[in-house]
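**Q** Just passing along the structure, written as structure tokens.
Rule-based calculations on the coordinates, nothing more; no lab input. Given the structure is predicted, the values throughout are model-derived calculations rather than measurements. FYI the Cβ positions are ideal-geometry reconstructions off the backbone, even for glycines, and counts take in every protein chain you see.
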2 protein chains.
Amino acid sequence: MEIVFLFYDGMTALDAIGPHEILSRLPGAVVKLAAISAGDILTSSDLIMKADYALSDVQRADILVIPGAKTATSLRKFPAILEWIDKVHQTTTWTTSVCTGSLILGAAGLLSGVKATSHWATLERLSAYGAIPVSERIVESGKIITAAGVSAGIDMALMLAAKVSGEQVAKTLQLAIEYDPAPPFDAGSPAKAGPELVNALRAKMLNVFEKK
Amino acid sequence: MEIVFLFYDGMTALDAIGPHEILSRLPGAVVKLAAISAGDILTSSDLIMKADYALSDVQRADILVIPGAKTATSLRKFPAILEWIDKVHQTTTWTTSVCTGSLILGAAGLLSGVKATSHWATLERLSAYGAIPVSERIVESGKIITAAGVSAGIDMALMLAAKVSGEQVAKTLQLAIEYDPAPPFDAGSPAKAGPELVNALRAKMLNVFEKK
């Protein structure tokens, strides 16, 4: 079972590592980290992770995972990446995204008429790609599964683990990473955080977003 | 504010990246990823991340983060790492660990008579270092904060963010990573997962643990 992650400069490390920590432990998993060129990838938090494959060396995937980035829409300047996503998507059982990764799926032309989610601050941007924005943590539309912002990739990966390897395996992985979340605050969604935090953060995030 | 992560071969990627995604976004944060030698670190899931400092080039930290590993106790074979942890700990405001990282703090001699937690499967091992094992997700003992298995590092980092930069900043970071967890199953702790899953996984994990 080939599980392929798209890696690219600027991506959010946790968008990739959340699902990676779970999916890489699935029985029979062969994980490939694919970028324009194999080698160092600079994440948004300045941490460097290594892509072990060039996109040109990966033709297919059973599971494709597209992490997000504050700069996600800048990938429209790299048609080779979008074409690769479209090509690999034709071969997948599951095509998935985390956070603004769904905007990359959109730019690749995969979300026309498809229900999808994204980071809450960029959810409405999905419409530009013909997608139907749905404000849920995980949205499953046929073989495309999109997850909301950053940490939602962990929930998505556990759900996917159950689909691929059964509920028993998924629960064992949840127990292995002791995923019994207990956030010290209840501010993880716009509804819970309230308008003041939401408006300040949205303005800041979209400011970065527009520039790319 | 210098935030230093210990990186080492075999460490669990999510133990480090969960807190890193949060703490690296704190106002004024300068993050250093320190390993025996600067360069590639092979995590337990075969993903390579880059340490940007050698231990010898990092003398102090405001926050020290020690991630865990299935092979955590093998670090006792590297007294230079344990001595470095002890030395840097003398300079910190907060010394923290995720998962079996607490066993490394223990091996470094920092937990004598100190209440601490760890991954549930290795919690009792803390006693070997004179620590007092506490089965909680996050345990704060003076300036030492230990978190339970893998994903608990995210909760720990948000708690720490509030201590260091205030509750408003911590809540904004929670909202930024949309940390409104919704695991598809309720199997994230031994009590919730039940004895069958727990016993199978404990046997498997301790088997790896004993060999190192």
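**Q** Which cross-chain or sequence-distant (5 or more) residues have an amide H under 5 Å from the amide H of B:Thr96, H modelled 1.01 Å from N in plane?
**A** The list, which skips near neighbours in sequence, is B:Leu64, B:Val65, B:Ile66, B:Ile145.
**Q** If eta is 1.306 mPa s and T is 10 °C, what Stokes-Einstein diffusion coefficient results for the protein assembly as shown, Kirkwood Rh from Cα pairs, in µm²/s?
**A** Estimated diffusion coefficient is 75 µm²/s.
**Q** With θ set to phi - 60° and the Karplus curve 6.51 cos²θ - 1.76 cosθ + 1.60, what are the ³J(HN,Hα) couplings of segment A:90-98 in order, to the nearest whole Hz, using x for Gly and Pro?
**A** With the stated coefficients, segment A:90-98 comes to 4, 9, 7, 8, 9, 10, 10, 9, 10 Hz.
**Q** Shifting gears a bit: Going 7 Å from the Cα of B:Glu83 in the Cα-to-Cβ direction, what parts of segment B:10-41 have a backbone nitrogen less than 11 Å from that spot?
**A** No residue qualifies, since no backbone N sits under 11 Å from the label point.
**Q** Output the relative contact order of chain B, whole-number percent, from Cα pairs under 8 angstrom with separation of 6+ residues.
**A** The normalised contact order for chain B reaches 19 percent.
**Q** Separate question: Would you mind ranking B:Leu123, A:Leu175 so that the residue whose beta carbon has the fewest other beta carbons within 10 Å leads the list?
**A** With the fewest neighbours first, B:Leu123, A:Leu175 line up as B:Leu123, A:Leu175.
**Q** Spelling out what I want: for every residue of segment B:111-127, take phi, set θ = phi - 60°, compute 6.51 cos²θ - 1.76 cosθ + 1.60 (Karplus), and round to whole Hz; glycine and proline get x.
**A** 10, 4, x, 9, 6, 7, 10, 6, 3, 3, 6, 10, 3, 5, 5, 4, 4
**Q** If you take the square roots of the eigenvalues of the alpha-carbon gyration tensor of segment A:1-95 and sort them as a ≥ b ≥ c, do you get rounded (a/c under 1.5), prolate (a/b over b/c) or oblate?
**A** oblate
**Q** Shifting gears a bit: ³J(HN,Hα) across segment A:134-149 via Karplus (A = 6.51, B = -1.76, C = 1.60, θ = phi - 60°), whole Hz, x for Gly/Pro?
**A** Karplus-based 3J(HN,Hα) across segment A:134-149 equals 10, 7, 9, 5, 9, 10, 10, 10, x, 8, 9, 10, 10, 10, 6, x Hz.
**Q** Would you mind giving the mean number of other chain beta-carbons within 10 Å of the Cβ of each residue in A:123-135, as a whole number?
**A** Taking all residues of A:123-135 together, the mean is 0.
**Q** Further, regarding this structure: Within 10 Å, count the other beta carbons around each residue, average over each peptide in A:176-186, B:107-117, A:15-25, and list them highest first.
**A** Working: A:176-186: 21.2, B:107-117: 19.6, A:15-25: 27.9.
Ranking, from highest mean packing down: A:15-25, A:176-186, B:107-117.
**Q** Over the whole of A:164-171, what's the average partner chain Cβ count within 10 Å per residue? Rounded to a whole number, please.
**A** Mean partner shielding for this stretch: 3.
**Q** Using only the alpha carbons of chain B, what is the convex hull's orientation-averaged projected area in square nanometres?
**A** Mean projected area for chain B: 11.1 nm², to one decimal.
**Q** Then there is this: Which net charge results for the neighbourhood of B:Val114, defined as the other residues with beta-carbon distances under 15 angstrom from its beta-carbon, given Lys and Arg at +1 and Asp and Glu at -1?
**A** Counting the neighbours of B:Val114, the net charge comes to 0.
**Q** Now, a different point. Of all DSSP beta bridges in the protein assembly as shown, what percent run antiparallel (nearest 5)?
**A** If I count the DSSP bridges inside the protein assembly as shown, around 30 percent turn out antiparallel.
**Q** Label-to-label distances across copies for B:Asp46, with labels 7 Å out along Cα→Cβ, in nm, shortest first?
**A** 3.2
**Q** Just want the ordering: B:Met1, B:Met156, from fewest to most Cβ atoms lying within 10 Å of their own Cβ.
**A** Going from least to most buried by this count: B:Met1, B:Met156.
**Q** What does the structure give for A:199-205 when I average, per residue, the other chain Cβ atoms found within 10 Å of the residue Cβ?
**A** 2
**Q** Placing the label point 7 Å from Cα along the Cα-to-Cβ direction, what are the distances from A:Pro79 to the equivalent spots in the other copies, shortest first, in nm to one decimal?
**A** Output for A:Pro79: 6.3 nm, nearest copy listed first.
**Q** Taking H placed 1.01 Å from N in the peptide plane, check which residues at least 5 places from B:Ser141 or on another chain put their amide H under 5 Å from its amide H.
**A** Answer set, sorted by chain and number: B:Thr146.
**Q** What's the FRET efficiency of B:Lys204 with B:Asp9 using the Cβ-Cβ distance as r and R₀ = 25 Å, to the nearest 0.05?
**A** That pair, B:Lys204 with B:Asp9, gives E of 0.75.
**Q** With respect to the cross-link table entries A:Lys50/A:Lys70; A:Lys32/B:Lys143; A:Lys163/B:Lys115, which display a Cα-Cα separation exceeding 29 Å?
**A** On the way: A:Lys50/A:Lys70 20 Å; A:Lys32/B:Lys143 40 Å; A:Lys163/B:Lys115 40 Å.
As for pairs spanning more than 29 Å Cα to Cα, those are A:Lys32/B:Lys143; A:Lys163/B:Lys115.
**Q** Using amide H atoms built in the peptide plane, which far-off residues or other-chain residues are under 5 Å from A:Ser24 H to H?
**A** Amide H neighbours of A:Ser24, under 5 Å, 5+ apart: none.
**Q** Using only helices, what value at 222 nm comes out for chain A when you add -39,500 (n - 2.57) per DSSP H run of length 4 or more and divide by the total residues, to the nearest 500 deg cm²/dmol?
**A** One gets -10500 deg cm²/dmol as the mean residue ellipticity at 222 nm.
**Q** Specify the inter-centroid distance of segment B:24-86 and segment A:93-134, based on alpha-carbon positions, in whole Å.
**A** 36
**Q** Okay, next question. So, counting K/R as plus one and D/E as minus one, what does the shell of residues with Cβ under 12 Å around B:Ala182 add up to? Before the final figure, lay out the partial values.
**A** On the way: positive: A:Arg137; negative: A:Glu136, A:Asp155, B:Glu178, B:Asp180, B:Asp186.
Overall, the nearby charge balance is -4.
**Q** Students often check this: by mean Cβ neighbours within 10 Å, which of B:28-35, A:3-10 ranks highest, and how do the rest follow?
**A** A:3-10, B:28-35
**Q** Hey, another quick one. Work out how much length B:Asp40 to B:Tyr53 would gain on full extension: take 0.36 nm times their residue separation and subtract the Cα-Cα distance, in nm to one decimal. All intermediate terms of the calculation are to be shown ahead of the outcome.
**A** Values: separation 13, 0.36 × 13 = 4.68 nm, distance 1.09 nm.
The span from B:Asp40 to B:Tyr53 would gain 3.6 nm if fully extended.
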